[in-house]
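Data first, discussion second: the structure below is written as structure tokens.
The values are calculated or read from the model by the stated rules, or taken from the named source; none is laboratory data. Keep in mind that what you see is a predicted model, and the values were worked out from it rather than measured. No Cβ is skipped: glycine too gets one built from the backbone with ideal geometry, and neighbour counts run over all protein chains shown. We work out accessible area using only protein heavy atoms, side chains counted, and drop any ligands, DNA or RNA first. Shrake-Rupley method; radii C 1.70, N 1.55, O 1.52, S 1.80 Å.
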Amino acid sequence: MSYPLDNALFQWEEGAGRLRDIDTADPRSARTARRAVESIHEELRRRIGPTFSAQELADLYGRGTDWCLEAARRAAPMAAVDLDPQAIVDGAFFQYLRGAYDYSGGRVAPTE
């Protein structure tokens, strides 16, 4: 079953906003968040590869993100700073979405 792309986009955009807030709030938290996001991106590259659609990314997200949370925690212990791990995951997915072949200019291309 497909995960609703609109739901995923909403959650990811919220996470991206939280990441931007972290970036301006505290340098230590920002460094931790960047390490966590990069670790999630590495896992995404392994799991979905370089060529993917926005819907495929949403479906991967819909199957669960425990593996993302684990990757983020391994790379950057978030207990030392005040970070919401799910916001980190969501923001990382939003950033990774830019690589989708059907995502351009902040919009998902319509399917026929």
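Below, the figures for the structure above:
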{"item": "Subset of the stretch 1-34 [outside any helix (DSSP H, G or I) and either acidic (Asp, Glu) or open to solvent by less than 20 Å² (accessible area, probe 1.4 Å) (or both)]", "result": "ASP26"}
{"item": "Identity of the residue in the stretch 42-55, open to solvent by 20 Å² or more (accessible area, probe 1.4 Å), part of a helix (DSSP H, G or I) and in contact (Cβ under 8 Å) with a residue 12 or more places away in the chain, that ends up farthest from VAL89 (Cα to Cα)", "result": "GLN55"}
{"item": "Selection count where residues are in a helix (DSSP H, G or I) and surrounded by fewer than 20 Cβ atoms within 10 Å (Cβ to Cβ), scope the stretch 61-92", "result": "14"}
{"item": "Total residues in the stretch 73-112, condition in contact with an Asp or Glu (Cβ under 7 Å, 6 or more places away or on another chain) and at pLDDT 95 or above", "result": "2"}
{"item": "The stretch 1-39: number of residues that are polar (S, T, N, Q) and modelled with pLDDT under 90", "result": "3"}
